[in-house]
Structures are given as C-alpha cells and as structure tokens.
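Single-structure report; data block below.
Rule-based calculations on the coordinates, nothing more; no lab input. Keep in mind that this is a model prediction, so the values were computed, not measured. Here the Cβ positions follow ideal geometry from the backbone for every residue, glycine too, while neighbour counts run over all protein chains shown.
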Amino acid sequence: MVGRRKALLFSLCFFFLSLPCFSSLPSFQTLIPNSHSLPSASPISFQPESEPDSESLLGSEFESGSDSESSITLNLDHIDALSSNKTPQELFSSRLQRDSRRVKSIASLAAQIPGRNVTRAPRPGGFSSSVVSGLSQGSGEYFTRLGVGTPARYVYMVLDTGSDIVWLQCAPCRRCYSQSDPIFDPRKSKTYATIPCSSPHCRRLDSAGCNTRRKTCLYQVSYGDGSFTVGDFSTETLTFRRNRVKGVALGCGHDNEGLFVGAAGLLGLGKGKLSFPGQTGHRFNQKFSYCLVDRSASSKPSSVVFGNAAVSRIARFTPLLSNPKLDTFYYVELLGISVGGTRVPGVAASLFKLDQIGNGGVIIDSGTSVTRLIRPAYIAMRDAFRVGAKTLKRAPDFSLFDTCFDLSNMNEVKVPTVVLHFRGADVSLPATNYLIPVDTNGKFCFAFAGTMGGLSIIGNIQQQGFRVVYDLASSRVGFAPGGCA
C-alpha cells in the first residue's frame, strides 16, 4: 500500500511538471506609459565619411554562390529617418497608410498568383503588359547602407522579407524618383555585367523581357500602388562594410516611379531563389537575422546579421512551411494565442491553416507594421484583452485600431499578457509590443487588427526587441527575446 501511494505521488508530480508552459503563464505585466511616446525621425546611424574605397578594401571577397562562410552585421534605420521634416504624428499617420496599402497588396498577391516556382522564357522585345509581382510601395520599413559596383558607390537600400528581387536606380534615367545619394552609373563600375536572355537567372524572373538587339535580359517589377521599376537585369558586386559579394543578380532600373522614400532601391530578403539570401545562401550558410528596436523607447540602432552569427543560442524555433503557390513569403504555423495567461478559446489552429493549394496561413513580415489576424481570431483575442483590461479607461478608436485607452498622467498600468503559440515556440510579447502610443496625449491602442482575407501577418511592431532568426538551412524561424542588446 505504501509503495502504491509513493508511485501515485510520483506520477502526480511528473504529470504537473510536464504540463505545457502556457498553463502557468503570468496573467499581467507592467506598462510604463510615460516612458513611451510616438517616435520622431531619429538621425541616420550611418557615417558616410567613414566608408572605405572598395579598391583599398582588405576584407574578404567571394562569389555570390561560393561555399566559404563568414558573418556580416549591418545597422538598420527606420524609413522615417529619411523624412526629418515631419512631426511624430505625421510620421505615424504615414506609417499606418503605408501599412494598409502593403497588407492589401500582400493579400492580393497571395490570393491571385497561380504559381511562381516555374521557369519562364523571357519575352522578346521587352514587355507587353504590366505584371504585378511585388508589394505596395515596393518597400519595407527599414534600410541599410551598402556599396554597389567597383569602386563601390554607397547608397541606402531598403531591406524587405516580402520581396525577392534586388534592384536599384541606375543612370542614365528615363525616369527616376528622388533619392538621397547620387544615382548609380553602371558605366563607371568595373564589375557590372549584363545577363544574357538565355541565363537561368533571367528565366527565374516573374516578368522577364529580352533586348533582341543586345540579347540581354530585362526585368520589370510593378507594385500594387502603381509604383514600378524597369531596366536591365545584371550582375554586380555589393560591398557590406569590408566584405564584397561578387556576381549578385540585380535589377538596374532606368525607368522608375513611385513612393520609395529616398532609398536607392531594395535588397530583397524573401524566400525565393533571386532574393539576396537565395543567391548568397552558401556564402552565409543560409542564415540571417534582424533585431528591430522599439524606437519609442530606445536610441540604439536596429541590426541585421548574415551568416552563422545570426543564430541566437536562446532562440526558440518554429518550422517554416512551404506554400506551393508562392515562394517569397515565410510561412509559419500558429497554433493559438494566450491572453492574460489563458488560451483564447476562439483562436484555433484551424483558423491559421495553410491549405494544400496555398491559401490561408500565417507569414512573418519585416515590412508590415501591425499584425493582422484573420477576423474571427482577432475578435476573440481582442475581446479577451478587453476583459482583462476592463479597469483601464477606454478611449475612442484610432485609425485601424478599435481598442484604445486613455493612459494620460499614469505612471504605470497592469495589462494582460499576450503570448503567440507557434509550433515549437511560445513567444511572450512585451507590453510595448501590443499596447502602443498613437498620439502625444496619452492614448494607447491594442496594436493588432483583423483582416477579411484568409492570410494572417505577424508585423514588425510585435517583432520589436526579438532577434528574428531565419535559418533557411534547417527550414525554421526563431525568436530570441532581448536580441537587440
């Protein structure tokens, strides 16, 4: 009898110790409203005068497809830094407008494209029609500085996990928008080379054309808001600090138009084969990561890392899913959400399922600001948060936010915790990642929104402070808290 009791006690102890971690999640955490305000246009962190001439570099050189590996770390700045003449309120309003257009374009792209994992023969004589193959405004929210050509000419390039093509404006310009640096002239580079129409790179383009006289490849990218870039598809050397990456296939745009906010072009970090990680995977061991700081509370720069150093030892990983219809986006499996320490009953894994033909699902995106959840999941989550935050003074709705609070003159408040349960990784969000200031008068809003489409998007506000690791070699994405230190 005594032996049976001991066995029963041991079994009970083992049972309780083996319960999932979300069963003991904290219910509330502290938010200090006075320490967070609308971010202003902070100074750019790059120092152009310290950029080395590429011909005098002593760092490593490598082909874009080489097998050698090293790591590179670059600072990132938010696109608002290129709009220093705007007030914090104007910057935030512009950010939400960009966000809305981007989400609409992502949803349209995911819903309409029948398949992109095919090779295509380039059309002779250029382009016969406009092809939508990118995102609204063609940009993410963060940019870095890198060198193009030999000798290197330094320019600002937007980094975007929702785009595959690398491109920049090139002289001579038929049409070019205003950018912060002189426009790159390929005629002055020793390493610039056009790509033949018969090249595999050319056939991988969503929309490829062929200059029949020169037998060279042409590219075209059109965005959801009418912006576009058209020009020669070519190869060039890119310089990251003291490291040169040779033979990167990129678009040299001679006809460009749109709201690209001062950057020279875009460094696509998508999952497709023509993105920068897709082309340089062997060189950087198919790994990169970024950490985006909370600009309302920190003056530290955000950063991106390529190579083995991108992987944090404390990251919790979730598998990447493959979408047979679209290879650009990073799809993950979201199983549920906890609010106030309790799983929300109405947020089932089935709501986020990526089906066999590529509809639905959840993506991680660096260029979307506010996380969008399929509407039934959002409503259930929002209602659970409202119940947990019932002691806070409500405020009128703001823009896309329908759950706002008046936290003026409050030193600290207790707010319900929010945890995203991915397969294999529970991501507990800091309060500042989901209750954010929306004006200068103490109004804070719940930074999630619903979407009528089937695709859900994890945005960069919710990613702040985490090192988000893209380990493509192991087909997984990881989240490491406190990764910006």
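Using only the C-alpha atoms, the convex hull of region 262-329 corresponds to 160 Å³ per residue.
Potential lengthening of the chain between Asn359 and Arg213 amounts to 48.4 nm, from the contour at 0.36 nm per residue minus the alpha-carbon distance. Once the chain from Arg375 to Phe398 is taken as fully extended at 0.36 nm per residue, the excess over their C-alpha distance is 6.5 nm. Would you please give the FRET efficiency between Glu412 and Ala349, computed as 1/(1 + (r/R0)^6) with r the Cβ-Cβ distance and R0 = 30 Å, to the nearest 0.05? With R0 = 30 Å, the Cβ-Cβ based efficiency is 0.30.
Here the simple spin-label model places points 7 Å from the Cα toward Cβ, and for Ile314 and Cys173 these points are separated by 4.5 nm. In order along region 476-484, the Karplus-derived 3J(HN,Hα) couplings, from 6.51 cos²θ - 1.76 cosθ + 1.60 at θ = phi - 60°, round to 8, 10, x, 10, 10, x, x, x, 8 Hz, and Gly and Pro are given as x. A cut-off of 5 Å between modelled amide H atoms, ignoring neighbours fewer than 5 places along the same chain, links Arg476 with Leu320, Asp471. Starting from the Cα gyration tensor of region 341-437, take the square roots of the eigenvalues, sort them a ≥ b ≥ c, and report rounded, prolate or oblate (rounded when a/c is under 1.5, otherwise prolate if a/b is larger than b/c, else oblate). Prolate, because a/c is 1.5 or more and a/b exceeds b/c.
Checked against a 18 Å cut-off, the cross-linked pairs Lys246/Lys273; Lys190/Lys273; Lys390/Lys443 give Cα-Cα distances beyond that limit for Lys190/Lys273.
Each label point was placed 7 Å from the Cα along the Cα-to-Cβ direction; for Lys390 and Ala485 their separation is 3.8 nm.
Restricting region 180-273 to trypsin sites (Lys or Arg not before Pro) that sit in a DSSP loop and have at most 14 other Cβ atoms within 10 Å of their own Cβ leaves Lys190, Arg213, Arg214, Lys215, Arg242.
Below 13 angstrom from the Cβ of Gly424, what's the summed charge of the other residues (Lys, Arg +1; Asp, Glu -1)? Present the calculation step by step, with values, prior to reporting the outcome.
Working: positive: Arg316, Arg423, Arg476; negative: Glu333, Asp426, Asp471.
Local net charge: 0.
Counted by Cβ distance under 10 Å from Ile44, the other residues give a net charge of 0, where Lys and Arg count +1 and Asp and Glu count -1.
Quick one: net charge of Ser289's neighbours, Cβ under 13 Å, K/R +1, D/E -1?
Within the 13 Å Cβ shell, the charges total +3.
Divided by 2.2 N^0.38 Å, where N counts the residues, the Cα radius of gyration of region 262-381 comes to 1.24.
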